[in-house]
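Reading through the structure tokens given below for one structure.
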Amino acid sequence: MKLAFVVALLSAFTLPAFAEPAYVTWDATYGNPEGSLNSVSCSNGKNGLVTKGYTTFSSIPSFPNIGGAPGNSWNSTLCGSCWSLKYPTPSGSQITVYITAVDNSYQFNISPQAFGELTDGTGFEAGKVKVRAIRVDPSKCGM
């Protein structure tokens, strides 16, 4: 019984280090440099981005590489987190972009500019692509 508990506890700390399959869509809302951070779930509160001095989407260092992340919500510790999204292109190469989480989303939902960079412009017709996602150090997003 104790061994199962220890294994479960260790898994909780080690599994997040591995990239997980995820889907990415795009939303023009996140591409607006003047978009207000008061309009997203990571606005105020202890973990809010407005509380940390950011006001518009373009004030986020990684802009336009911003968007919604799964599990993020108002005042979440995921607010301002940085995510590595790796997309295997149809040609066999891999493109990586780093996204700052500013909102909640069922799947990763990012600016059209970041989506275009991620897919090398090939994913717009589909509107959704499969990636490998992993939370990375905030410095990768300039935070």
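FYI, it's all coordinate maths here, none of it is from the lab. Only a predicted model underlies this, so the values are computations on that prediction, with no experimental measurement involved. All Cβ positions, glycine included, derive from the backbone under ideal geometry; neighbour counts span all protein chains shown.
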> Rounded to a whole number of µm²/s, how large is the Stokes-Einstein D of the range 49-95 at 4 °C and 1.567 mPa s, given Rh as the Kirkwood radius over C-alpha pairs?
Replying inline: 102 µm²/s
> Taking only DSSP H segments of four or more residues, each worth -39500 (n - 2.57), what value at 222 nm results for the chain once the sum is divided by all its residues, to the nearest 500 deg cm²/dmol?
Replying inline: -4500 deg cm²/dmol
> Can you count the Lys pairs in the chain with C-alpha separation below 28 Å, eight or more apart or on different chains?
Replying inline: 7
>> I'd like to compare 76-89, 28-41: which one has the highest average count of other Cβ atoms within 10 Å, and what's the full order after that?
In response: 76-89, 28-41
> Tell me, what is a quarter of the convex hull surface for the C-alpha atoms of the range 67-138, in nm² with one decimal?
Replying inline: 4.6 nm²
> Considering only DSSP beta bridges whose two residues both sit in the range 19-138, what percent are antiparallel, to the nearest 5?
Replying inline: 75 percent
> If the viscosity is 0.692 mPa s and the temperature 37 °C, what translational diffusion coefficient in µm²/s does Stokes-Einstein give for the range 19-138 when Rh comes from Kirkwood over Cα pairs?
Replying inline: 236 µm²/s
